[in-house]
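Okay, so here's the structure we're looking at.
Please treat every number below as a calculation from the coordinates, not as lab data. Small disclaimer: the values here were computed from a predicted structure and weren't measured. No Cβ is skipped: glycine too gets one built from the backbone with ideal geometry, and neighbour counts run over all protein chains shown.
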Amino acid sequence: MQHSLVMTVIGKDKPGLVELIASTVAKQGGNWLESRMSHLGGQFAGILRIEFPSEKETSMVTELKALEKQSLSVVIHLDLSAVKPSSKPASSLEIVGHDRPGIVREISRVLAEHQVNVEELTSEIASAAMSGENLFKAKARLQLKSPKDAADVREDLEKIANDLIVDVTFEA
């Protein structure tokens, strides 16, 4: 029987960190299923999901926690429920506009009001091509409670887009 876990790691970025994690997982007979990793503000930050033989649970957790000796902060959550991916189609959201505080807060408030699950969110600040001003860009993969809710979600996002002075592209 296989078990899986989700873990987060964060530490000062340096070459070889992904290999260090991957070799630890492989050494215990684990399989790397999915991950999101990034360099943020001089730090390496990642979240990953792995699968491993159930009899290796104790040694896998011990070995992963031992990564803390390599200056990584590690948080592990065992997943014994065998969660299956949703069969519902995902929706997408893109936001682009001049950077200012509150954009993510306002957009996420609308999504929460409609009980939309944010499955993935990436954001960045980039220089605008012509003016060089800070431009906020975000992309999200969303799971709507019901496909029938798409029109209401779109309408409410468009309402606040004007107030935030951002372009919002929502595809259900």
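Helix 17-27 axis versus longest C-alpha principal axis of the chain: approximately 50°, rounded to the nearest ten. Taking only Cα atoms, what is the 0 to 90° angle, nearest 10, from helix 150-164's long axis to the longest principal axis of the chain? Taking the Cα atoms of the chain, the angle to 150-164 is about 70 degrees.
Of the residues Glu94, Glu133, Glu120, the one that moves most in a GNM of the chain with alpha-carbon contacts below 10 Å is Glu133. Evaluated on the chain, the Kirkwood hydrodynamic radius is 18.5 Å, with distances taken between all distinct Cα atoms.
With K and R counted +1 and D and E -1, the other residues having a Cβ less than 10 Å from that of Glu171 yield a net charge of 0.
Considering Cα pairs under 8 angstrom that are at least six residues apart, work out the relative contact order of the chain and quote it in whole percent. Averaging sequence separation for qualifying contacts and normalising by length gives 23 percent for the chain. Here Lys137 is the anchor, and the aspartates and glutamates within straight C-alpha reach of less than 13 Å, apart from those fewer than 8 places off in the same chain, are Glu94, Asp99, Glu124, Asp167. For the pair Glu34 and His77 in one chain, pulling the backbone fully straight at 0.36 nm per residue adds 14.0 nm over the alpha carbon distance. Ordered by the number of other Cβ atoms lying within 10 Å of each residue's own Cβ, fewest first, Ile160, Ile95 fall into the sequence Ile160, Ile95. For Lys14, a cut-off of 17 angstrom between C-alpha atoms picks up these aspartates and glutamates, skipping any fewer than 8 places away in its own chain: Glu68.
3J(HN,Hα) along the range 60-72: 5, 4, 4, 5, 5, 5, 5, 4, 5, 5, 9, 6, 10 Hz, from the Karplus curve 6.51 cos²θ - 1.76 cosθ + 1.60 with θ = phi - 60°, whole Hz, x for Gly and Pro. Suppose only helical runs count, i.e. DSSP H with n ≥ 4. What mean residue ellipticity at 222 nm does that imply for the chain under -39500 (n - 2.57) per run, divided by all residues and rounded to the nearest 500 deg cm²/dmol? So the calculated ellipticity at 222 nm is -8000 deg cm²/dmol. Each of Lys14, Lys65 has some number of other Cβ atoms within 10 Å of its Cβ, and from fewest to most they run Lys14, Lys65. Between 0 and 90 degrees, the angle of helix 103-113 with respect to the longest Cα principal axis of the chain falls at about 90 degrees. Cut-off 10 angstrom, C-alpha nodes, Gaussian network model of the chain. Which of Ser23, Ser131, Ser59 fluctuates the most? With Cα springs under 10 Å in the chain, the top fluctuation among Ser23, Ser131, Ser59 is at Ser131.
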